[in-house]
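Just below is one structure, and these are the notes that go with it.
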Number of protein chains: 2
Amino acid sequence: MRIPLEPQHRTPLFRQIEAHLRRSIASGRLPAGTRLPSTRRLASDLGVNRLTVENAYAELEADGLIAGRAGSGTYVLAASPLPPLPPRDASAPWPRWQRELAGRRGATLGDPLGRTPAPARHRHLIRLDGGTGDPRLFPAEEFRKVIQGVMRREGASALGYGDPGGFFPLRRTIAHVLTAQGVPARPENVLVTAGSQRALALVSALLLRPGDAVVVERPTYAGALELFRAHGLRIVGVPIDAQGMRVEELETLLLQHHPRLIYTLPTFQNPTGACLSAPRRRQLLALAARHSVPILEDDYVGDLRYEGRAQPALKASDPQGHVIYVSTFSKMLMPGLRTGFLVAEGPVLDGLRQLQRVEELATCNLMQRALEAYITVGRYQAHLRRASRLYRRRRDAMLRAVERSLPSQVQVEAPAGGLFLWLRLPEGYSSAELLPVAEAAGVRIAPGGDFFPDAGDGARFLRLCFAAHEPEELLEGVRRLATALRSAEHPAPPAVGRRRGPGNERGAVEHGRAEQLPSLPPRA
Amino acid sequence: MRIPLEPQHRTPLFRQIEAHLRRSIASGRLPAGTRLPSTRRLASDLGVNRLTVENAYAELEADGLIAGRAGSGTYVLAASPLPPLPPRDASAPWPRWQRELAGRRGATLGDPLGRTPAPARHRHLIRLDGGTGDPRLFPAEEFRKVIQGVMRREGASALGYGDPGGFFPLRRTIAHVLTAQGVPARPENVLVTAGSQRALALVSALLLRPGDAVVVERPTYAGALELFRAHGLRIVGVPIDAQGMRVEELETLLLQHHPRLIYTLPTFQNPTGACLSAPRRRQLLALAARHSVPILEDDYVGDLRYEGRAQPALKASDPQGHVIYVSTFSKMLMPGLRTGFLVAEGPVLDGLRQLQRVEELATCNLMQRALEAYITVGRYQAHLRRASRLYRRRRDAMLRAVERSLPSQVQVEAPAGGLFLWLRLPEGYSSAELLPVAEAAGVRIAPGGDFFPDAGDGARFLRLCFAAHEPEELLEGVRRLATALRSAEHPAPPAVGRRRGPGNERGAVEHGRAEQLPSLPPRA
């Protein structure tokens, strides 16, 4: 196949290849069913890198124009093979029950596809808004081999329903890992779920009714806020500082709102990175017991520590069964695993297991078996060590970049683990207004409003993920953010320093003083 | 490895091998970490079939005593490596919120692990209580290759979150398949779910609140009943006969109970096998529109037809968006796929998509890609044709067995498709009481009570799955059921024939007259 390319043109080569193939398919020169050359072959024909051709094919495949078939190549799909839909009378309204839906529950749901980002005007957007590790580090090839081994060895049984509570050897392996981390667990107390989000949803559905109150940190994980909103709950926020949730303010809220659940991320909190101090952990457990409110402990990335000593999980000090512990392997491995788990005991464990069974029947059996094999032979631990080294370097690189490129009034704190930096902008700035400006400058951020029960409270905050990019990309991304901040039309921040100014709940320091922070534990 | 075996002993060889290994592990003769010989090697050493050794290993693995590792062999696991749990004060009660849980929601949940079967006293239990096709037909090897192809080609991207609404090419393929079956569908109206049970759960969670009423057929799919009970709904049953739901009785119930949802399995209904007639399909759609009640159409196995012409799905005649259509590939392929889907439009689709996103983030990406590749190259269709031929023969074999072995007062009807026979016992019998007797005789049945909103109404019914066993096994299973019926201590059924007796809503015929039924469509 010959495709005319212009290497000097500002359109990237993969876009040139993509555009050529797109035209050829639309014009019928490449009719449906045509087998395209392999990426290796076409790259060699065109004298370009194979990755360039793969990128072009990926774009066409995402648009449903071509499709790769296992073991047989890549084919052009039929351009528009679906017959026209029977006409729907556009003037006829939706059925009444559909119209009423918005008022009943849909109203709390927001945009069904989440935030619709501004069209990316920048050709090479650097996405610092993500919530996972680096896909380039996913051990995809090792996992491919593990899956092969499982399917060769176990055949159809790897594809049956399996144990509704989870593949027993995996639950056993999880119990071992947790026990080694100080959380005494037994396989029979572990429930494997289709991702940790699913675990949160099961707990919420079992324990709360629409209108019930749930306590969260303010700010907290955006996905939990969305879930609790969708379930029609009243969300009560507790402020957070560098030592985690301000537990001393909790009791008043418990007395006032009678919540049915306390949701907390005590370690490398999302988004702030804060770790709950040992005294506050004890206070929190005591309060939960005194008021008989269950604690949902989300330890989404507790084993991704860069320095300092680990605080034991809340679940490690829970002899009476007040804590439901949730975690996942997805953040460190691959989100597509959809394999999380929870640890609980007593009636709540029975209820969760039963609710999961009636809502799902079972969790993907093959993935559980593959994950178990992967962990048991020590590959997960090796991967975790490697990722921790890399992510620590990236955190340090991003902190240095923030220090060098952003105005000194921007506040940030070095987290001792996890994936995120949490930035506080000078007075007068709004991260929501910054968002499109930053997009135009070529960087995407997570605006602070996403993480607060009341979005307005997050106006001056933003979250950056340092784990998913190489140091040079982080540097460039922060430089673009600096450009965006300069061009955001706002009054220059006052010259007076504002560290620990009023309302600065996190007690963050100005990064101008924070040169040594990266290698220190979070400030007490 | 040498294991003394007694081929003439009544204990099967695999149990002898299993017991020997179990003792060796318990005694420490095979310490943790020992690599066991391959099944091929041990089978050759012992002069037995390889399958015999595989069965022994499978039993030990299921108990967590040994584990196979991809590409490296099978190892003995540590016997009891978990340290003792910190003592829990047995006299201390669970926290109050845990104790209250039973009263709040747990009360409706029943046994967390579902029915606990009587200990299987029979060594070779024939399980006719299942709800899936034959695991031996799962195209596990083809699927292994497809997964390999996807992972080789797409690497880490096959293991990312993916599109929350489902992998686009798979949605496109599903739209094509449905359009070909007369249900006009567009990829953007398809939502891929983690199994069809998950689709039912999302619809129930979005549209109904605890205390709301839902209409179901009486009897209906047990998994839907359990789900609706767990969600705290009022369940209103409509009787069913050979032409499906008695729609003429529906309007009264709509006026009386104001249900928020009508759940129906119009084609090869579970458990009865009935198909809703064309006039009733029209009536049902008209009633739903008049009373503005959404219909949840569960087409769990609509493409598994053995004879006669297909009725179009309800969704095929739904220009206004009253019907939410749910189906799955799991029944025909492998339940472990955990991949189902729904088709809807309008606000309800937005709401379902959003609820799925906040409760799960995404559905297993790799499985969706593998399934798409498998279907698109025509392997699903070929598998379906092959399975249909086989299952039809099995249905006929079971019908003949019922006719020959069971008392003539047992009533049954030949379903034109699906997986099940639905049997009605003579007066005085109870399938719940029959259950343990049948277990002792070596056959497991699904008792009728599981399928009725009020279990008592199902006392005289039972469901048998014909799809998962070879004809000889079905024959033997039905023979054992006959033994169980004879030994059930009940008055002999009266000599008077009772076909179409009072209360026999399905209008079933006595199988003594049903010799030609297997090749006929269901009686009108």
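The values are calculated or read from the model by the stated rules, or taken from the named source; none is laboratory data. No experiment lies behind these values; they were computed from the predicted model shown. Every residue, glycine among them, receives a Cβ derived from its backbone with ideal geometry; neighbour counts consider all protein chains shown.
For region A:208-228, a residue qualifies if it is of a type in the set (D, E, K, R) and under 15 Å from the mean Cα position of the chain (by Cα), and exactly one does: A:226.
Remark: pairs (first residue in region A:154-174, polar (S, T, N, Q); second residue assigned to a helix (DSSP H, G or I) and buried (at least 24 other Cβ atoms within 10 Å of the Cβ); Cβ separation under 6 Å; 6+ apart in sequence or on different chains) = A:173/A:372. How about region A:364-386: which of its residues are within 7 Å of chain B (Cβ to nearest Cβ) and either crowded, with 23+ Cβ neighbours inside 10 Å or without any contact (Cβ under 8 Å) to a residue 60 or more places away in the chain (or both)? Those that are within 7 Å of chain B (Cβ to nearest Cβ) and either crowded, with 23+ Cβ neighbours inside 10 Å or without any contact (Cβ under 8 Å) to a residue 60 or more places away in the chain (or both): A:364, A:365, A:366, A:367, A:373, A:377.
Just the residues that are at the interface with chain B (Cβ under 7 Å from one of its Cβ atoms) and either within 17 Å of residue A:201 (Cβ to Cβ) or touching a Ser or Thr at 6+ places or on another chain (Cβ under 6 Å) (or both), please, taken from region A:323-335.
First, pick out the residues of region A:323-335 that are at the interface with chain B (Cβ under 7 Å from one of its Cβ atoms): A:334-335.
Within region A:323-335, A:335 is the sole residue that qualifies.
Of the residues examined, residue A:222 is one that is under 24 Å from residue A:274 (Cα atoms) and assigned by TED's automatic domain parsing to the domain that holds residue A:273. Criterion applied to B:371, B:349 was being within 17 Å of residue B:196 (Cβ to Cβ), more than 22 Å from the chain's Cα centre (by Cα) and of a type outside the set (S, T, N, Q), and the one residue passing it is B:349. Of the numbered conditions (1) out of contact with any Pro (no Cβ under 8 Å at 6 or more places or on another chain); (2) in a helix (DSSP H, G or I), residue B:3 satisfies every one except a single condition; which is it? Tallying (1) out of contact with any Pro (no Cβ under 8 Å at 6 or more places or on another chain); (2) in a helix (DSSP H, G or I), residue B:3 fails exactly one: (2). Of the set (1) assigned to a strand (DSSP E or B); (2) modelled with pLDDT of 90 or more, all apply to residue A:17 but (1).
In the set A:310, A:316, only one residue is surrounded by fewer than 23 Cβ atoms within 10 Å (Cβ to Cβ), in the same structural domain as residue A:236 (by TED's automatic domain parsing), out of contact with any helix residue (DSSP H, G or I) (no Cβ under 7 Å at 6 or more places or on another chain) and assigned to a helix (DSSP H, G or I); that residue is A:316. In this structure, is residue B:271 modelled with pLDDT under 95 and either within 9 Å of another protein chain (Cβ to nearest Cβ) or closer than 28 Å to residue B:463 by Cβ (or both)? When the stated conditions are applied, residue B:271 does not pass them.
Contact map, region B:302-322: residues that are over 11 Å from residue B:267 (Cα atoms) and within 14 Å of chain A (Cβ to nearest Cβ) paired with residues that are crowded, with 20+ Cβ neighbours inside 10 Å and of a type in the set (Phe, Trp, Tyr), Cβ distance under 8 Å, separation 6+ or inter-chain. Pairs shown: B:315/B:325. Out of B:442, B:477, one residue alone is surrounded by 23 or more Cβ atoms within 10 Å (Cβ to Cβ) and either touching a Phe, Trp or Tyr at 6+ places or on another chain (Cβ under 8 Å) or closer than 26 Å to residue B:124 by Cβ (or both). It is B:477.
Starting from region B:127-138, take each residue that is facing another protein chain (nearest Cβ under 8 Å) and list its partners that are in a helix (DSSP H, G or I), counting only C-beta distances under 7 angstrom and pairs at least six apart or across chains. Filtered contacts from region B:127-138: B:132/B:335; B:135/A:156; B:136/A:156; B:138/A:156; B:138/A:159.
Name every residue in region A:20-38 that is in contact with a Ser or Thr (Cβ under 8 Å, 6 or more places away or on another chain) and either modelled with pLDDT of 85 or more or not in a loop (DSSP other than H, G, I, E, B) (or both), in order of residue number.
A:35, A:36, A:38 - these are the residues of region A:20-38 that are in contact with a Ser or Thr (Cβ under 8 Å, 6 or more places away or on another chain) and either modelled with pLDDT of 85 or more or not in a loop (DSSP other than H, G, I, E, B) (or both).
Counting only residues that are within 13 Å of the chain's Cα centre (by Cα) and outside any helix (DSSP H, G or I), region A:128-146 holds 7 of them. Residues in region B:88-103 that are modelled with pLDDT under 80, at the interface with chain A (Cβ under 8 Å from one of its Cβ atoms) and assigned to a loop (DSSP other than H, G, I, E, B): B:88, B:89, B:92. The criterion of being without any contact (Cβ under 8 Å) to a residue 40 or more places away in the chain and farther than 24 Å from residue B:299 by Cα does not hold for residue B:401. If the condition is being facing another protein chain (nearest Cβ under 10 Å) and among the aliphatic types (A, V, I, L, M), then region B:341-354 contributes B:344, B:348, B:349, B:352.
Between B:338, B:357, the distinction of being at the interface with another protein chain (Cβ under 9 Å from one of its Cβ atoms) and out of contact with any Lys or Arg (no Cβ under 9 Å at 6 or more places or on another chain) belongs to B:357 only. Among the residues making up region B:17-45, those that are surrounded by 14 or more Cβ atoms within 10 Å (Cβ to Cβ) and hydroxyl-bearing (Ser, Thr, Tyr) are B:24, B:34, B:38, B:39.
Among the residues that make up region B:279-286, is at least one of them outside any helix (DSSP H, G or I) and either among the hydroxyl-bearing types (Ser, Thr, Tyr) or under 27 Å from residue B:465 (Cα atoms) (or both)? No. Is it true that some residue in region B:417-431 is in a helix (DSSP H, G or I) and either buried (at least 22 other Cβ atoms within 10 Å of the Cβ) or not small (Gly, Ala, Ser) (or both)? Yes - at least one qualifying residue is present in region B:417-431. For residue B:216, state whether it is out of contact with any Ser or Thr (no Cβ under 6 Å at 6 or more places or on another chain), of a type in the set (Val, Ile, Thr) and touching a residue at least 60 places away in the same chain (Cβ under 8 Å). The answer is yes for residue B:216.
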